[in-house]
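Just below is one structure, and these are the notes that go with it.
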Amino acid sequence: MVSLSNKRVLLGVTGGIAAYKSAEIIRRLQDSGATVRVVMTQAATEFITPLTLQALSGNPVHLDLLDPEAEAGMGHIELSRWADLILVAPATADFIAKLASGEADNLLQAICLASRSLLALAPAMNQGMWRNAATQQNIELLRTRGVHLFGPAEGEQACGDVGPGRMSEPDDIVELAAELFESGVLNNRTVVITAGPTREAIDPVRFISNHSSGKMGYALAEAAAEAGAETVLISGPVGLQAPDRVKLVKIISAQEMYETSLNEAQKCDLFIASAAVADYRPISVAAQKIKKSADTLAIELLKNPDIVSAVAKLEKRPFTVGFAAETQDIERHARDKLERKNLDMVIANDVSDSAIGFDSDDNAVLVVDPTGSETIPRTHKSILARQLIAKIAGLL
Ligand code: C5P
């Protein structure tokens, strides 16, 4: 049962044909226990009347930024503070673009700009507009700012096209909204997560590394913190911002990650190793930049310590979770890793599929533990992270 009890949801409705589904979203939000207030853009009122949404929400619909009467009552700042969650559904390409550029020339934009609440968008637009690089860049930018994206779904569109851009169904949107609040399951717990790649120096300017983006580890850290855990994120060099309420410890090499991890792991309840640690490092690091001369250059490598195995061997051992990036026989390899490294859980993914894993925003995994295995189908890494944290919390 989806629960949004005691949650205050500000539903923003922008001008797209999917606005007719906003009425249904209000109902589903209320069924889940939420109180709903509605803000509409001018364009949205062309598709569905404010009176309809007022009758359903039981509250006056907010329309204007420059309405002295409205601002004297519940103005844009009050509304932005009131909401636990701002859910914009449908969110048009134009709204998304304005939000990405920080514009505030209508009431809904101003509320979004002023607010520090959770912000979620359910995009709805023609598939060409969705696929356009401008929209994709705006979406990416908003994601990095912590905006949650619900959908869009794929399928038939009002204009006759088929593809991604349909607004997700009201039930799915409300379910995702409820998931945003799934916290408290890790209250009073300490969680340590490793993330990103490591860099193994060859000389002062060169290193060996890999393509790990750190996205999965950062998403896990965010989900752990949202779930109430004191969260330490030990990260190699990545282009991501640390989530709120997470203690970020930046490291460069596997050796540094090893030392920091073992130190932090003594004090934690849960250790998740999502980092793509370099397996080997150059035996010696040249003091000066290596000059190009011979046609071939050999660099002798030494195996790095296995961090997650070392944590699993600690006397006071946390619940220890490892990752397994595999290309075939995923379950067999994952189970082998579980036993060989003495882990409590292995989260395995298929890195031969370019749509998931390494640098992508989505992932699909097989979770293997001593009692069995469970597939979690492809979804955004942040949602997957929350699902994984919920599952782990249940086992702790
Ligand atoms: O052995 P393999 O690299 O395939 O195992 C992957 C898992 O082990 C991941 O959880 C990764 O973070 C962890 N690992 C580690 N230290 C290493 C190598 C891998 O913690 N040196």
Criterion first (within 16 Å of the ligand (Cβ to nearest atom), touching a residue at least 12 places away in the same chain (Cβ under 8 Å), assigned by TED's automatic domain parsing to the domain that holds V205 and not in a loop (DSSP other than H, G, I, E, B)) does E259 satisfy it?
no
Which condition does N138 not pass, out of (1) assigned to a helix (DSSP H, G or I); (2) closer than 21 Å to S22 by Cβ; (3) in contact with a helix residue (DSSP H, G or I) (Cβ under 7 Å, 6 or more places away or on another chain), if it passes all the others?
(2)
Can you pull out every residue in the range 284-314 that is within 16 Å of the ligand (Cβ to nearest atom) and either acidic (D, E) or open to solvent by less than 100 Å² (accessible area, probe 1.4 Å) (or both)?
L301, L302, N304, P305, D306, I307, V308, S309, A310, V311, A312, L314
Only residues that are of a type outside the set (S, T, N, Q), within 16 Å of the ligand (Cβ to nearest atom) and either more than 25 Å from the chain's Cα centre (by Cα) or under 20 Å from R199 (Cβ atoms) (or both): list them for the range 267-282, please.
A273, A275, A276, V277, A278, D279, Y280, R281, P282
Sort out which residues of the range 382-396 are open to solvent by less than 30 Å² (accessible area, probe 1.4 Å) and more than 15 Å from D361 (Cβ to Cβ), and write them in order of number.
L388, I389, I392, A393
Only one of L87, L108, L65 is assigned to a strand (DSSP E or B) and assigned by TED's automatic domain parsing to the domain that holds I139, namely L87
Within the range 152-170, how many residues turn out to be closer than 26 Å to A390 by Cα, assigned to a loop (DSSP other than H, G, I, E, B) and open to solvent by 30 Å² or more (accessible area, probe 1.4 Å)?
1
When only residues in the range 315-339 that are among the polar types (S, T, N, Q) and open to solvent by 40 Å² or more (accessible area, probe 1.4 Å) count, which is nearest to the ligand (Cβ to nearest atom)?
T327
So which of S360, S352, S373 is surrounded by fewer than 17 Cβ atoms within 10 Å (Cβ to Cβ), small (G, A, S), away from the ligand (no atom under 14 Å from the Cβ) and at pLDDT 95 or above?
S373
For L121, work out the one condition from (1) more than 15 Å from R8 (Cβ to Cβ); (2) over 22 Å from the mean Cα position of the chain (by Cα) it doesn't fulfil.
(2)
Any hit, the range 171-184, residues being part of a loop (DSSP other than H, G, I, E, B), in contact with a His (Cβ under 7 Å, 6 or more places away or on another chain) and in contact (Cβ under 8 Å) with a residue 40 or more places away in the chain
yes
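Just name the residue that is nearest to L119 (Cα to Cα) out of those in the range 361-383 that are without any contact (Cβ under 8 Å) to a residue 60 or more places away in the chain and of a type in the set (G, A, S).
Among residues in the range 361-383 that are without any contact (Cβ under 8 Å) to a residue 60 or more places away in the chain and of a type in the set (G, A, S), the one nearest to L119 (Cα to Cα) is A364.
The values are calculated or read from the model by the stated rules, or taken from the named source; none is laboratory data. This is a predicted model, so every value here is computed, not measured. Neighbour counts are summed over all protein chains in view; Cβ atoms, including those assigned to glycine, are modelled from backbone coordinates with ideal geometry. Side chains included, ligands, DNA and RNA excluded: accessible areas come from the protein's heavy atoms. Shrake-Rupley method; radii C 1.70, N 1.55, O 1.52, S 1.80 Å.
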